[in-house]
1. Somewhere in region 151-169, is a residue within 26 Å of the chain's Cα centre (by Cα) and within 30 Å of Lys30 (Cα to Cα)?
2. Would you be able to tell me the number of residues in region 27-40 that are in a helix (DSSP H, G or I) and among the basic types (Lys, Arg)?
3. What number of residues in region 41-73 are surrounded by fewer than 15 Cβ atoms within 10 Å (Cβ to Cβ) and not in a strand (DSSP E or B)?
4. Where in region 120-227 are the helices (runs of 4 or more DSSP H), entirely inside, with at least 3 residues that are surrounded by 10 or more Cβ atoms within 10 Å (Cβ to Cβ), in contact (Cβ under 8 Å) with a residue 40 or more places away in the chain and not β-branched (Val, Ile, Thr)?
5. Which numbered condition in (1) of a type in the set (D, E, K, R); (2) closer than 30 Å to Arg195 by Cβ; (3) crowded, with 18+ Cβ neighbours inside 10 Å is the only one that Asp102 fails?
6. Look through Phe175, Phe188, Phe215 and report the one residue that is in contact with a Lys or Arg (Cβ under 8 Å, 6 or more places away or on another chain) and at pLDDT below 95.
7. Please verify whether region 99-114 includes one or more residues that are among the hydrophobic types (A, V, I, L, M, F, W, C) and part of a strand (DSSP E or B).
Amino acid sequence: MAFACAKVISFLALQYKHNGMYPPKHHQEKNYINAVEVMKAYPFGTLISAKDSEVFITHIPLIYEDDGSKYGKLVAHIDKYNPQIQLLKEGREATAVFYGPDTYISPSVYSTTQLPTWNYINVHVKGKVHRIESRDDVRDTIIRMTAFLEEPEQKYVLHPDNPRMEAALDYIVGFEVAITEWEGKFKFSQDKLKRDQQLAKMELIRNNQRSIAEFVNQIMENHVQEK
């Protein structure tokens, strides 16, 4: 795998140097609806804040909501002891990354001679932070987030008077990110022949349908918890 990645980096570096653009136009998603669908289908994102040379990163659910603005907003909450809190102040900028399906594409997949590569569907958004100060409003965001994540079957309903949630409110900070910019990086062999694009799509689907049971079991068995 390391060899394959090295080959990919070398090949892509040559390609971008040649056309003078990164990412290439054919990897840039232009339809914001598609970006929204990625954020809704893969809401567990990466929240990034920076101050000077220090970067703070937290992995949390970031729920997209259409509030009538141009790009909508993200709603989330974070542990109040997380050091990133200091950068999640009113009006500060934050970046969120959402990861759709991805996979290594072997040259053996194609009908023509190609180099190894990696295909993926990712979305980056930037926006302005709005801290949710009201305890009632934070509670409401948790209820809305839960309702969204329980879709479509709604097997669980979080009620406003839930005592566990009430206790949790003492330890979390709610916030929103009003999206001001977005970028979709959708790479699925668009520069290849139509037949090879289809083969790469089938490989992306196939590899993301593999069972992760063995991997998860192994990781959890080897995970060491502090006593």
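1. Yes, some residue in region 151-169 is within 26 Å of the chain's Cα centre (by Cα) and within 30 Å of Lys30 (Cα to Cα).
2. 1
3. Adding up the residues that qualify gives 8.
4. Counting at least 3 such residues, we get 135-149, 194-207.
5. Against the list (1) of a type in the set (D, E, K, R); (2) closer than 30 Å to Arg195 by Cβ; (3) crowded, with 18+ Cβ neighbours inside 10 Å, Asp102 comes up short only on (3).
6. That would be Phe188, the only listed residue that is in contact with a Lys or Arg (Cβ under 8 Å, 6 or more places away or on another chain) and at pLDDT below 95.
7. Within region 99-114 (the criterion being among the hydrophobic types (A, V, I, L, M, F, W, C) and part of a strand (DSSP E or B)), the answer is yes, since at least one residue qualifies.
The values are calculated or read from the model by the stated rules, or taken from the named source; none is laboratory data. Nothing here was measured: the structure is a model prediction, and the numbers come from that model. Reconstructed Cβ throughout: ideal geometry from the backbone, glycine too, with neighbour counts over all protein chains shown.
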